[in-house]
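Written below as structure tokens is the structure these notes are about.
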Amino acid sequence: MAEQTIIRYRGDSYSLQIVVRDPDGVAYDVSGADALFTVREFPDAETPILRRMSAEITGTDGAAASTAVAFTSAAPSAAFTAVLVGTVLTIESGTNDVPGVYPVVGFVGATALTLASTPTTGGAMSNAVYSIGGDITLASNGTVTVTFDPVQMAALEPGIYHYDLQLTLADGTVETVVAGQFIVRANVSWTA
């Protein structure tokens, strides 16, 4: 496992690229793997504050009551799990929705999540087209690219956090390929 310190500014979008190599230094094909990038306040903190993943969950039946932060979907492409806490849900369109990016702050069940803010215009939202994840690409040349949204980065207070990037290979092997400090600096131009 490699150790690497990442330094970013609050509110910035960016991509992080890491090449995964075997013990002999040869890049290996990670295109069939699943990846999870997690940031926590301290290494053994229970709840992540930021998470990115290669798997993508989508749906066309997102719903929320007026002014509610509870988001539901009767038929997501994959069941919601606690791993989604720390990711973002992107709403593209729907009835009474506010398209945008919403941090996921709680897991309620296989078809329900809690968002950081309401995705509605004040009326009950329905038929929302949404996606969660798909933020990490994995290439046959060993390159792992993690992308970060400025909305999610803006939600982080400046400080020193801890992160890791784990791959689950096709044979089920789980490997932490890089870990270290994730430093968020104040951005002079950023406004709340």
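So, in the range 35-49, how many residues would count as being crowded, with 17+ Cβ neighbours inside 10 Å and within 17 Å of THR176 (Cα to Cα)? Reasoning before the result, please.
At the first step, the residues of the range 35-49 found to be crowded, with 17+ Cβ neighbours inside 10 Å are 35-40, 48-49.
After this cut, where a residue has to be within 17 Å of THR176 (Cα to Cα) as well, the list is 35-40, 48.
Number of matching residues: 7.
Kindly state which strands (runs of 3 or more DSSP E) lie completely within the range 62-119 and contain at least 1 residues that are free of Cβ contacts under 8 Å to residues at least 24 places away in the same chain. Please lay out each step first, then the result.
Working: elements: 70-72, 88-95, 100-109, 112-115.
Answer list for the range 62-119: 100-109.
For the range 10-34, enumerate the residues that are buried (at least 18 other Cβ atoms within 10 Å of the Cβ) and either more than 18 Å from GLY86 (Cβ to Cβ) or not assigned by TED's automatic domain parsing to the domain that holds ASN141 (or both).
Once the filter is applied, which keeps residues that are buried (at least 18 other Cβ atoms within 10 Å of the Cβ) and either more than 18 Å from GLY86 (Cβ to Cβ) or not assigned by TED's automatic domain parsing to the domain that holds ASN141 (or both), the range 10-34 yields ILE18, VAL20, VAL30, ALA33.
Given the structure, is ILE7 assigned to a strand (DSSP E or B), of a type in the set (A, V, I, L, M) and in the same structural domain as HIS162 (by TED's automatic domain parsing)? Spell out the reasoning first.
Working: assigned to a strand (DSSP E or B): yes; of a type in the set (A, V, I, L, M): yes; in the same structural domain as HIS162 (by TED's automatic domain parsing): yes.
In short, yes.
Residues are listed down the side, and each one gets a yes or a no for (1) small (Gly, Ala, Ser); (2) under 19 Å from VAL85 (Cα atoms); (3) modelled with pLDDT of 95 or more:
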| position | (1), (2), (3) |
| --- | --- |
| GLY134 | yes, yes, no |
| PRO150 | no, yes, no |
| THR173 | no, no, no |
| GLN181 | no, no, yes |
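With over 13 Å from the mean Cα position of the chain (by Cα), of a type in the set (A, V, I, L, M), at pLDDT below 95 and loosely packed, with under 15 Cβ neighbours inside 10 Å as the only criterion, which of ALA110, ALA124 stands out? Quick ask: steps written out before the conclusion?
Working: ALA110 fails: at pLDDT below 95.
The conditions single out ALA124.
So how many residues does the range 120-134 have that are in a strand (DSSP E or B) and out of contact with any Leu (no Cβ under 7 Å at 6 or more places or on another chain)?
Of all residues in the range 120-134, those in a strand (DSSP E or B) come to 120, 125-133.
Filter again for out of contact with any Leu (no Cβ under 7 Å at 6 or more places or on another chain), leaving 120, 125-129, 131, 133.
The qualifying residues number 8.
The values are calculated or read from the model by the stated rules, or taken from the named source; none is laboratory data. These numbers come from a predicted model, not from an experiment. Don't worry about glycine lacking a Cβ; one is built from the backbone with ideal geometry, like all the others, and counts go over all protein chains shown.
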